[in-house]
Each structure stands twice: as C-alpha cells, then as structure tokens.
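Enquirer: Sharing a structure here in structure tokens format.
The values are calculated or read from the model by the stated rules, or taken from the named source; none is laboratory data. Values in this document were obtained by computation on a predicted structure and should not be read as measured data. No Cβ is skipped: glycine too gets one built from the backbone with ideal geometry, and neighbour counts run over all protein chains shown.
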Amino acid sequence: MNKSLLIATLATLFSLPVQAADPAPLSQGEVRKVDSAAQKITLRHGPIASIGMPPMTMVFEVANAQLLEGVSAGEKVNFQVQQQGNRYIVTELQVVE
Ligand SMILES: [Cu+2]
C-alpha cells in the first residue's frame with residue numbers, strides 16, 4: 001500500500017477529509033477600485049456567508065498582487081475572503097465573463 005493510499009484509507013476510516021475540504025462558496029461582487037500598490041481592492045459585495053457579512057461596499061486586502069492583474073473597476077467578480085482578526089483578505093478572485 002503506498003503512502004497516499006494509506007492516508008486516504010485512514011481518512012476514510014476516521015471520516016476525515018483527505019485535504020482541507022471544499023472552500024466556502026465564492027461570493028459575488030463588483031469592483032469599485034483597484035489599488036495594486038497597496039494590494040487592496042474595493043468591492044461592492046453581496047452577502048458573505050462564510051464570515052457572516054451582509055452586502056456592502058468595502059476595501060479588502062488581497063493575498064497577493066497577482067490576484068489584481070487584469071482586474072479593473074466596473075467588472076463583476078467572484079471571490080473568496082478570509083477573516084484574520086479585523087482584516088479581510090481576498091484569497092481568490094475571478095472576473096466573471
Ligand atoms: Cu463587507
């Protein structure tokens with residue numbers, strides 16, 4: 001039995017996810033402003049269930065500058081956000097076609 005199969009088997013036995021399970025579903029938003037230098041983005045967003053946030057317009061940090069590449073104001077996006085204390089960090093950002 002190879003190692004990954006063993007781990008998968010153990011995970012099944014103990015009913016644990018093999019990896020961090022599915023991330024929370026993406027939230028929807030519209031870009032208001034992109035600040036690449038500061039790695040920040042202003043989004044008018046819908047409800048974000050994973051962090052219990054109602055719809056609003058606010059500034060988010062982004063996990064890395066690459067997330068902002070090709071993103072501009074006015075575009076609709078799907079995104080993932082993580083709360084760290086009082087910081088809200090976008091970890092995934094996809095422009096909606
Ligand atoms: Cu908000």
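Enquirer: When the range 50-68 is examined, which residues are found to be within 12 Å of the ligand (Cβ to nearest atom) and among the hydrophobic types (A, V, I, L, M, F, W, C)?
Expert: 51, 53, 56, 58, 59, 60
Enquirer: Looking at the structure I just gave you, is residue 26 surrounded by 16 or more Cβ atoms within 10 Å (Cβ to Cβ), within 15 Å of the ligand (Cβ to nearest atom) and at pLDDT below 95?
Expert: Values: surrounded by 16 or more Cβ atoms within 10 Å (Cβ to Cβ): yes; within 15 Å of the ligand (Cβ to nearest atom): yes; at pLDDT below 95: yes.
Yes, satisfied.
Enquirer: Determine whether residue 65 is under 12 Å from residue 31 (Cα atoms) and small (Gly, Ala, Ser). Talk me through it step by step, then tell me what you get.
Expert: Numbers: under 12 Å from residue 31 (Cα atoms): no; small (Gly, Ala, Ser): yes.
Criteria not met by residue 65.
Enquirer: To continue, here is another question. For the range 33-88, which fully contained strands (runs of 3 or more DSSP E) count at least 3 residues that are out of contact with any helix residue (DSSP H, G or I) (no Cβ under 7 Å at 6 or more places or on another chain) and aliphatic (A, V, I, L, M)?
Expert: On the way: elements: 40-45, 56-62, 76-84.
Fully inside the range 33-88 and qualifying: 56-62.
Enquirer: Can you tell me which residue in the range 57-84 is surrounded by the most Cβ atoms within 10 Å (Cβ to Cβ), limited to those that are of a type in the set (S, T, N, Q) and within 11 Å of the chain's Cα centre (by Cα)? Don't jump to the end; show me each part of the working.
Expert: Restricting attention to the range 57-84, the residues satisfying the condition of being of a type in the set (S, T, N, Q) are 57, 64, 66, 72, 78, 80, 82-84.
In the following step, the residues that additionally are within 11 Å of the chain's Cα centre (by Cα) were identified as 78, 80, 82-83.
Values: 78: 14, 80: 18, 82: 16, 83: 13.
So the residue we want is 80.
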